[in-house]
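Student: One structure follows; several queries about it will come next.
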Amino acid sequence: MTRPTPHGGPRERVVAATAIALAASLVVQNVVLVWVGAPGYGDPIEDVLAFHAEHRGTVAFAVGLEALNLPLLLGFVTGLHGLVQRRGGAGADWSRLAVAAGATLSAVLALYAVLWNGVVLSAGGLGEPSPLFELAWQLHAAAFALALPALGSTLVGAALAAHASGLTPPWQRLLGIAGGGLLLVAGSASLAIADGSPLLFVGMPGYLAWIVWLLATGLRLARTRETTRPRAGRPGRPGAGAPAGRTSR
């Protein structure tokens, strides 16, 4: 006798929707910032001041999306861990790493968003960059640099866990390892990045890999169908279909 195992049930669809929503939010956030010409951490501080003085609303929108990203991220990594556990626990250690790294990433991104608010607020009314404004910008950059290794650990853990439990194909595991590795390498230069070093761009392919991996995983989970698994009989009676704890008469 067989019974359905809900590999394509509501939980999978919820995790899929969370992954797709997070990927979409990240894409929108970055497209908006690129569209308005947001400065990089290596740009002259005068340009940074001018941008934040003129685009307060844009930064408010980006920070608002960051607030949305935090519950989406935590919901995805914890949901993925639950799916891994339901599939027998293969890759559970990696999914625990993803949960822990995701929680750390959320905390760092919260600090990153708060410091970005501080940059905008300190820019108000300034005719030229002040030491306080420059410090706030450097701390904002340092927070982003620290987020890179946390994101890399999250991506590697999630990719290995999802593949080990049969949720994703091998190419997604390779994408996760390669992208996460680049993020970890870039994050090791956090002091240089806070000072405006172009080493930040070492991690950008890894950041793109994170978005692609999220989207691919979400779409795959959304297409997952129910499978069947043999139902074990009672000891000594192979194939018996009586529910556990009851006897047939």
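Student: Assuming R0 = 25 Å, what is the FRET efficiency of ALA110 and VAL34, from their Cβ-Cβ distance, to the nearest 0.05?
Tutor: Efficiency, rounded to the nearest 0.05: 0.60.
Student: What's the extension gain from VAL27 to LEU135 if we count 0.36 nm per residue and subtract their Cα-Cα distance?
Tutor: 36.1 nm
Student: Enter the angle in degrees (range 0 to 90, nearest 10) between the Cα long axis of helix 45-54 and the first principal axis of the Cα atoms of the chain, meaning the one along which they spread out most.
Tutor: Tilt of helix 45-54: around 70 degrees.
Student: Here's a follow-up. Calculate, axis by axis, the spread of Cα positions in the stretch 94-177 along the three principal axes, and write the results as whole Å, longest axis first.
Tutor: The Cα atoms of the stretch 94-177 stretch 57, 21, 14 Å along their principal axes.
Student: How big is the chain by Rg and Dmax over its Cα atoms, in Å?
Tutor: Radius of gyration, then largest Cα-Cα span, for the chain: 22.6, 89 Å.
Student: To test your reading of the geometry: what angle, between 0 and 90 degrees and rounded to tens, separates the Cα axis of helix 56-86 from the longest principal axis of the chain?
Tutor: 20 degrees
Student: Largest first, please: the extent of the C-alpha atoms of the stretch 6-75 along each principal axis, to the nearest Å.
Tutor: Extents along the principal axes, in whole Å: 57, 17, 17.
Student: Another question, then. For a protection proxy built on the mean count of beta-carbon atoms within 10 angstrom, sort 19-28, 64-73 highest first, please.
Tutor: Packing order, densest peptide first, comes out as 19-28, 64-73.
Student: Assign one of three labels to the stretch 56-112, namely rounded, prolate or oblate, based on the Cα gyration tensor with a ≥ b ≥ c the square roots of its eigenvalues; rounded applies when a/c is under 1.5, prolate when it is not and a/b is larger than b/c, and oblate otherwise.
Tutor: Cα axes put the stretch 56-112 in the prolate bin.
Student: Could you give me the percent of Cα pairs per 5 Å distance bin for the stretch 33-165, shortest bin first, beginning at zero and ending with the bin that holds the maximum distance?
Tutor: Reading the bins upward from 0: 2, 11, 17, 18, 14, 11, 9, 7, 5, 3, 1, 0, 0.
Student: What is the helix-to-structure angle for 204-223, meaning the angle in degrees between its Cα long axis and the longest Cα principal axis of the chain, kept from 0 to 90 and rounded to the nearest 10?
Tutor: Long axis of 204-223 versus the principal axis of the chain: about 30 degrees.
Student: Which value in nm describes the separation of the simple spin-label points at ALA60 and ASP195, placed 7 Å from the Cα toward the beta carbon?
Tutor: 3.7 nm
Student: Would you mind classifying the stretch 132-223 by shape? Square roots of the alpha carbon gyration tensor eigenvalues, ordered a ≥ b ≥ c; an a/c under 1.5 is rounded, otherwise it is prolate if a/b is larger than b/c and oblate if not.
Tutor: It comes out prolate by the Cα gyration axes.
Student: Accessible area of the chain with a 1.4 Å probe: how many percent of it is carbon plus sulfur?
Tutor: 65 percent
The values are calculated or read from the model by the stated rules, or taken from the named source; none is laboratory data. Here the structure is a predicted model, which is why all the values come from computation and not from measurement. Virtual Cβ from ideal backbone geometry, glycine too; neighbours counted across all protein chains shown. Note: areas computed on protein heavy atoms with side chains; ligands, DNA, RNA excluded. Shrake-Rupley method; radii C 1.70, N 1.55, O 1.52, S 1.80 Å.
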